[in-house]
Amino acid sequence: MKNVHFNFDAHVSRRAVLRGAGVALGLPMLEAMTPAFAAVKETKRAKRFVGVSMSLGLHNPNLVPEGAGRGYKASRYLQSIQDLREDFTVVSGSSHPGVTGGHTAEGSIYSACPNARGATSRNTISLDQLMVKQLGHETRFPSLVLNTNSQTSPSYTENGSMIPAENSAMRLFTRLFVNDSPAEQERQAELIRSGRSVMDVVGAEAKTLQRELGAGDRDKLDAWFTSVRDLEKRLAANEAWTHKPKPKVKLLPPTKIPRDNEVAVDGIFLDIIHMALATDSTRFVTLHITGNNVQGIEGVDESYHNLSHHGMDEEKLAQLAIVEQGVINQWGHFLRRLKGDKLLDDTMVLLTSNLGNASAHDNKNMPVLFAGGGFKHGQHLAFDQKNNYPLPNLYLSALHRLGLQDERFATSEAEMDGLATV
């Protein structure tokens, strides 16, 4: 019998394998990637992500708690959601490195792309769409990109193109839960098939053109090809869903949208999002809050934007607090519904904004509340408000929680300090 040597210490890192191969491939888990004779530990992973972003931020003195860690004293805005204290984490003193520009930094909320704005700059893929790229094929709608008022969004494709948002709650409800007629189903299927054939033709012509272009233009065309291929895959998946019935829900369709009350509009969208998750119609959602009309709220007589530019005026701050407390309350109500349906433990829910101080158009000290997803919450992660901690580290933690193997996201350095899983 030949001598047999057992190496009990051998352990090949998956990431090392990827580097050594010189390519970035999603390899299956190999025996050599675990210690000898060790079983692969099964861990529960999050399944969903919901990002709620506010174009006008949150007033930090009313949001950031006193003290750090688990013994923090709840701030004014957090008092109403203390029943959920163990279900969310407050993060202060964080922002996206290299992101500036006040309102124009909205495009970097989920991409964290430095200096993304400007005629010669280009954005990168947003957190939600990176998740969708890997896991979005499992549901009827790979993702929902929503806005309470306009079609702008902080969701960006792999080639840096903004995804237009759905801004009608009525259309959204119909799209999710109202079955199309057989004729409409066939029309949609035909449009999908036609779209795919058109892209085949355009793609063939573009490849011919590619041979005549310089290196820079070829790179741009390559990015376009990537976008086309992704769209083709989504169209193919959508065609399969065309003739499948949509889920029946008890939620009534929204019949009247109170356009003078942005907080109420937020609640309508969040109710629909909750039902979309509960029926597994989608698992990845972004909702951008941009409405400016809040005069329908009791105690408020100015526009949301004017109030955000308060200049520390006490009357404006008092009215702004009413509006912002309303948004926090709606977010809390959304978490309670997810928790009641036992969805919160596997759904990561983020509330944030590109503005840490809307009055000064400052992108530092972004407001961050992060809930669910199987993390150990109930704490205040208080980082340096002068030398901010990189928020992309949180995004990397979220990606890993979904089981994705990305080593970095944008300007991330590692997973977020202090944010552990259960």
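The values are calculated or read from the model by the stated rules, or taken from the named source; none is laboratory data. Because the structure is a prediction, the values reported are computed rather than measured. In this analysis, Cβ positions are derived from the backbone assuming ideal geometry, glycine residues included, and neighbour counts consider all displayed protein chains. Surface areas here come from the heavy atoms of the whole protein model, side chains and all, with no ligands, DNA or RNA. Shrake-Rupley method; radii C 1.70, N 1.55, O 1.52, S 1.80 Å.
Being surrounded by fewer than 20 Cβ atoms within 10 Å (Cβ to Cβ) and in a helix (DSSP H, G or I) is the filter here, so list the residues in the stretch 85-99 that pass it.
Correct list: Arg85, Glu86.
Write out, first by first residue and then by second, each pair whose Cβ atoms fall under 9 Å of each other, whose residues are 6+ apart or on separate chains, and whose first residue, in the stretch 405-418, is within 15 Å of Gln134 (Cβ to Cβ) while the second is loosely packed, with under 13 Cβ neighbours inside 10 Å and small (Gly, Ala, Ser).
Qualifying pairs under 9 Å: Gln405/Gly26.
Residues are listed down the side, and each one gets a yes or a no for (1) at pLDDT 50 or above; (2) in a strand (DSSP E or B); (3) basic (Lys, Arg):
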residue: Lys2; (1), (2), (3): no, no, yes
residue: Asp9; (1), (2), (3): no, no, no
residue: Leu25; (1), (2), (3): no, no, no
residue: Pro28; (1), (2), (3): no, no, no
residue: Leu58; (1), (2), (3): yes, no, no
residue: Pro61; (1), (2), (3): yes, no, no
residue: Gly71; (1), (2), (3): yes, no, no
residue: Ser80; (1), (2), (3): yes, no, no
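Only residues that are buried (at least 17 other Cβ atoms within 10 Å of the Cβ) and of a type in the set (D, E, K, R): list them for the stretch 303-332, please.
Lys316, Glu324
Mind checking which residues of the stretch 348-379 are of a type in the set (A, V, I, L, M) and open to solvent by 60 Å² or more (accessible area, probe 1.4 Å)? I'd like the intermediate steps shown before the answer.
Step one: filter the stretch 348-379 for residues of a type in the set (A, V, I, L, M), giving 348-351, 355, 358, 360, 366, 368-369, 371.
The one that is of a type in the set (A, V, I, L, M) and open to solvent by 60 Å² or more (accessible area, probe 1.4 Å): Ala360.
For the stretch 334-347, does any single residue satisfy the condition of being open to solvent by less than 10 Å² (accessible area, probe 1.4 Å) and over 27 Å from Glu66 (Cβ atoms)? Working first, answer last.
Initially, the stretch 334-347 is screened for residues open to solvent by less than 10 Å² (accessible area, probe 1.4 Å), giving 334-335, 338, 344, 347.
Next, from what is left, pick out any that are over 27 Å from Glu66 (Cβ atoms): 338, 347.
Looking through the stretch 334-347, at least one residue is open to solvent by less than 10 Å² (accessible area, probe 1.4 Å) and over 27 Å from Glu66 (Cβ atoms).
Please find, within the stretch 149-160, the residue that is farthest from Leu56 (Cα to Cα) out of those that are surrounded by fewer than 23 Cβ atoms within 10 Å (Cβ to Cβ) and modelled with pLDDT of 90 or more.
First, the residues of the stretch 149-160 that are surrounded by fewer than 23 Cβ atoms within 10 Å (Cβ to Cβ): 149-152, 157-160.
Of the ones still in play, those that are also modelled with pLDDT of 90 or more are 149-152, 157.
Details: Asn149: 13, Ser150: 14, Gln151: 16, Thr152: 14, Thr157: 24 Å.
The qualifying residue farthest from Leu56 (Cα to Cα) is Thr157.
Looking only at the stretch 264-271, decide whether some residue is in a strand (DSSP E or B), open to solvent by less than 10 Å² (accessible area, probe 1.4 Å) and either in contact with a strand residue (DSSP E or B) (Cβ under 9 Å, 6 or more places away or on another chain) or among the acidic types (Asp, Glu) (or both).
No; the residues of the stretch 264-271 include none that is in a strand (DSSP E or B), open to solvent by less than 10 Å² (accessible area, probe 1.4 Å) and either in contact with a strand residue (DSSP E or B) (Cβ under 9 Å, 6 or more places away or on another chain) or among the acidic types (Asp, Glu) (or both).
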